[in-house]
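Asks: Here it is, the structure in full.
The values are calculated or read from the model by the stated rules, or taken from the named source; none is laboratory data. None of the values given here were measured: they were computed from a predicted structure. With ideal geometry, Cβ positions are generated from the backbone for all residues, glycine too; neighbour counts draw on all protein chains shown. Heads up: the accessible areas ignore ligands, DNA and RNA and are worked out on the full protein's heavy atoms, side chains in. Shrake-Rupley method; radii C 1.70, N 1.55, O 1.52, S 1.80 Å.
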Amino acid sequence: MAAAPDEEEVIASPESRILDSIALERALTSLEEGLRRVVVLKELEGYSHREIAELLQIERATSEGRLYMARKQLRARLSE
């Protein structure tokens, strides 16, 4: 028996993945540098907030706050 359409895995085409990648890159570059640096270190490089705070010489709470704001801005930009 075939799965219902909403249960099937959706596989994006290579063109769609490229467009998504371009949109994400544009959204990231539109962020203020301080926000972008935290996103890159946390999401792409895998650093903890403690490590980010040490690297950027900021408080851990500042790292967490910047990531929150960056994610909020990225969601807004990517949903446009």
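Asks: Can you give the calculated 222 nm mean residue ellipticity of the chain, where each DSSP H run of n ≥ 4 adds -39,500 (n - 2.57) and the sum is split over every residue, rounded to the nearest 500 deg cm²/dmol?
Replies: Working: 4 runs with 51 residues, N = 80.
So the calculated ellipticity at 222 nm is -20000 deg cm²/dmol.
Asks: Something else now. If ligands, DNA and RNA are left out, what is the accessible area of SER48 with a 1.4 Å probe, given in Å² to the nearest 10?
Replies: Using a 1.4 Å probe on the heavy atoms, I get roughly 40 Å².
Asks: About the Cα centre of the chain, how large is the charge dipole given +1 on each Lys and Arg Cβ and -1 on each Asp and Glu Cβ? Please answer in debye to the nearest 20.
Replies: With Lys and Arg at +1 and Asp and Glu at -1, about 460 debye.
Asks: May I ask which residue of SER79, GLN57, TYR47 lies farthest towards the positive end of the charge dipole of the chain, with charges of +1 (Lys, Arg) and -1 (Asp, Glu) on Cβ and the Cα centre as origin?
Replies: GLN57
Asks: Round to a whole number: what % of the accessible area of the chain belongs to carbon and sulfur, probe 1.4 Å?
Replies: Solvent-exposed carbon and sulfur of the chain make up 51 percent of the total.
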